1. Just the Kirkwood number for the chain, please: inverse of mean 1/r across all distinct Cα pairs, in Å, one decimal.
2. Helix-only estimate, please: 222 nm mean residue ellipticity of the chain, summing -39500 (n - 2.57) across DSSP H runs of length 4 or more and dividing by its residues, to the nearest 500.
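Derivation of every value follows stated rules applied to the coordinates shown; laboratory data play no part. Worth saying up front: this structure is predicted, and the values here are computed from it rather than measured.
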């Protein structure tokens, strides 16, 4: 029973982190990261 409560707490914590979390960096590291933040995905040309 205690394990279920602890697991529920961690799930709740994860949901709150997604909802209220923020990126504290002043600028993005690269243009690829900016595209990724907007949901853009690409595939590399590989043989």
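1. Details: mean 1/r = 0.0709 Å⁻¹.
Here the Kirkwood hydrodynamic radius works out to 14.1 Å.
2. Using -39500 (n - 2.57) per qualifying helix, the result is -17500 deg cm²/dmol.
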